[in-house]
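Asks: Next up is a structure, given as structure tokens.
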Amino acid sequence: MHFELLGPMMQVETLAVGSRIREIARLRKVYGRGRWRKRKGIAKVRLSDGSLHAAEIRWYEATGLGRKEFKIKRLFWVLTRRKLNRAASRLVICVDNKGYRVSLEKRKIYVAVRDALALKHGQIRVIDESREDYLYPKSLFLPITVSASLRKAILKAA
């Protein structure tokens, strides 16, 4: 985890259970069988640059296996749901998935959505395997440049 949870998780909700989790097969392969749940909550966090924020956190959890892969969905002042602007997006390749083995695959191309606040704090907003955008450390990705036709095909498939 590239951020520190400060204090208790509040307003915890279960988003999906078992087969309703898109990544259930990979969760079981990586961490083992269990009663898996995808959950969310609000917590105070310290980002890698030392800044403190209230954030919506999502994670996977199974009885006996614990909580896995905490991810920041959004910082509180970015809570409004916005339409992803594909034109303002860029392509990145995952070079490290430490701590996020279910959510990210090494050597895979992802769409990164521009988020100035996240970049200011060393984070990057990426559409991951769950097909949702989350904040990840910038150090896990490298930007890539591709031809216009390939870029168009990748963005259409994403």
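The values are calculated or read from the model by the stated rules, or taken from the named source; none is laboratory data. The structure displayed is predicted, hence computed values, not measured ones. Please note: Cβ atoms are built from the backbone with ideal geometry, for glycine as well, and neighbour counts cover all protein chains shown.
Asks: Somewhere in segment 83-91, is a residue under 15 Å from the mean Cα position of the chain (by Cα) and at pLDDT 90 or above?
Replies: There is no residue in segment 83-91 that is under 15 Å from the mean Cα position of the chain (by Cα) and at pLDDT 90 or above.
Asks: For segment 109-123, check the following and say yes or no: at least one residue is under 16 Å from Glu23 (Cα atoms) and aromatic (Phe, Trp, Tyr). Give the steps one after another, and end with the answer.
Replies: From segment 109-123, those under 16 Å from Glu23 (Cα atoms) are none; that's our starting set.
Among the residues of segment 109-123, not one is under 16 Å from Glu23 (Cα atoms) and aromatic (Phe, Trp, Tyr), which makes the answer no.
Asks: Go through segment 111-145 and give me each residue that's small (Gly, Ala, Ser), at pLDDT 90 or above and within 12 Å of the chain's Cα centre (by Cα).
Replies: Ala112
Asks: Which count do you get for residues in segment 99-110 that are part of a strand (DSSP E or B) and under 12 Å from the mean Cα position of the chain (by Cα)?
Replies: Of the residues in segment 99-110, 1 are part of a strand (DSSP E or B) and under 12 Å from the mean Cα position of the chain (by Cα).
Asks: Return the total of residues in segment 91-111 being within 19 Å of Ala55 (Cα to Cα) and touching a Ser or Thr at 6+ places or on another chain (Cβ under 7 Å). Break it down into steps so the answer makes sense when it comes.
Replies: Pass one, segment 91-111, residues within 19 Å of Ala55 (Cα to Cα): 99-100, 103.
Pick out the ones that are also touching a Ser or Thr at 6+ places or on another chain (Cβ under 7 Å) and you get 103.
Residues flagged as within 19 Å of Ala55 (Cα to Cα) and touching a Ser or Thr at 6+ places or on another chain (Cβ under 7 Å) within segment 91-111 amount to 1.
Let's see how each residue does on (1) at pLDDT below 95; (2) touching a Leu at 6+ places or on another chain (Cβ under 9 Å); (3) outside any strand (DSSP E or B):
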{"position": "Met10", "(1), (2), (3)": "yes, no, no"}
{"position": "Glu13", "(1), (2), (3)": "no, no, no"}
{"position": "Arg26", "(1), (2), (3)": "yes, no, yes"}
{"position": "Gly34", "(1), (2), (3)": "yes, yes, yes"}
{"position": "Lys40", "(1), (2), (3)": "no, yes, no"}
{"position": "Arg46", "(1), (2), (3)": "yes, yes, no"}
{"position": "His53", "(1), (2), (3)": "yes, yes, no"}
{"position": "Glu61", "(1), (2), (3)": "no, no, no"}
{"position": "Gly64", "(1), (2), (3)": "yes, no, yes"}
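Asks: Where residues in segment 35-60 are surrounded by 14 or more Cβ atoms within 10 Å (Cβ to Cβ) and of a type in the set (Lys, Arg), which of them is nearest to Lys120 (Cα to Cα)?
Replies: The residue in question is Lys44.
Asks: Filter segment 15-24 down to the residues that are surrounded by fewer than 15 Cβ atoms within 10 Å (Cβ to Cβ) and in a strand (DSSP E or B), then identify the one that is farthest from the chain's Cα centre (by Cα).
Replies: Ranking the qualifying residues of segment 15-24, first place goes to Val17.
Asks: Would you be able to tell me the number of residues in segment 121-148 that are part of a helix (DSSP H, G or I), touching a residue at least 24 places away in the same chain (Cβ under 8 Å) and not hydrophobic (A, V, I, L, M, F, W, C)?
Replies: Going through segment 121-148, the residues part of a helix (DSSP H, G or I) turn out to be 138-140, 148.
Next, only the ones that are touching a residue at least 24 places away in the same chain (Cβ under 8 Å) stay: 139-140.
Then drop every residue that is not not hydrophobic (A, V, I, L, M, F, W, C), which leaves 139.
The number of residues fulfilling the criteria is 1.
Asks: Kindly evaluate Phe76 against the criterion of being out of contact with any Pro (no Cβ under 6 Å at 6 or more places or on another chain), under 19 Å from Val12 (Cα atoms) and at pLDDT below 85.
Replies: On the way: out of contact with any Pro (no Cβ under 6 Å at 6 or more places or on another chain): yes; under 19 Å from Val12 (Cα atoms): yes; at pLDDT below 85: yes.
Spelling it out, Phe76 is indeed out of contact with any Pro (no Cβ under 6 Å at 6 or more places or on another chain), under 19 Å from Val12 (Cα atoms) and at pLDDT below 85.
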